[in-house]
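Taking it in order: structure first as structure tokens, then the write-up.
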Amino acid sequence: MSTEEHRNAQRTRALKGARIVYNHGHSSLNCTIRNLSEGGAKIVVETTIGIPDGFTLMLDDGASHDCSVRWKKITEMGVQFLPA
């Protein structure tokens, strides 16, 4: 079963800059959003090591989302956007 089958919303390809913000705003990392939906995103980073399972994703366009990590690989992860 592919991950596509578990998604509630179709993701579209994207190439957007963003920052992962955690530790009460004291820590952040640059990342790239590779695909995006209303409910989540696939994010590419240098390494997922040390990134917590919950953080705020701040897009370069000014939007932000509180996120929960759904899966991780070495340099990418899938996140679910949490309700506001």
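Starting from residues that are closer than 14 Å to Ala14 by Cβ and modelled with pLDDT under 95, keep the ones in the range 60-71 and report whichever is least open to solvent (accessible area, probe 1.4 Å).
Applying the first criterion (closer than 14 Å to Ala14 by Cβ) to the range 60-71 yields 60-61, 63, 65.
Add one more test, that the residue is modelled with pLDDT under 95, and what stays is 60-61, 63.
On the way: Asp60: 120, Asp61: 107, Ala63: 39 Å².
Among those residues, the one meeting the criterion is Ala63.
Considering only the range 31-57, state which residues are at pLDDT 95 or above, within 18 Å of Phe81 (Cα to Cα) and open to solvent by 90 Å² or more (accessible area, probe 1.4 Å).
Within the range 31-57, Arg34, Asp53 qualify.
Would you point out which residue out of Ile74, Ile20 is at pLDDT 95 or above and surrounded by 14 or more Cβ atoms within 10 Å (Cβ to Cβ)? Working first, answer last.
Working: Ile74 fails: surrounded by 14 or more Cβ atoms within 10 Å (Cβ to Cβ).
Checking each option against the conditions leaves just Ile20.
Matching residues to (1) free of Cβ contacts under 8 Å to residues at least 12 places away in the same chain; (2) over 12 Å from Gly17 (Cα atoms); (3) of a type in the set (Val, Ile, Thr); (4) touching a strand residue (DSSP E or B) at 6+ places or on another chain (Cβ under 6 Å):
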position: Gly40; (1), (2), (3), (4): no, yes, no, yes
position: Ile43; (1), (2), (3), (4): no, no, yes, yes
position: Glu46; (1), (2), (3), (4): no, yes, no, no
position: Phe55; (1), (2), (3), (4): no, yes, no, yes
position: Met58; (1), (2), (3), (4): no, no, no, yes
position: Asp66; (1), (2), (3), (4): no, yes, no, yes
position: Glu76; (1), (2), (3), (4): no, yes, no, yes
position: Val79; (1), (2), (3), (4): no, yes, yes, yes
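The values are calculated or read from the model by the stated rules, or taken from the named source; none is laboratory data. Values in this document were obtained by computation on a predicted structure and should not be read as measured data. Cβ sites come from the backbone with ideal geometry, for glycine too, and all protein chains shown count toward neighbours. The area values use the complete protein model at the heavy-atom level, side chains included, leaving out ligands, DNA and RNA. Shrake-Rupley method; radii C 1.70, N 1.55, O 1.52, S 1.80 Å.
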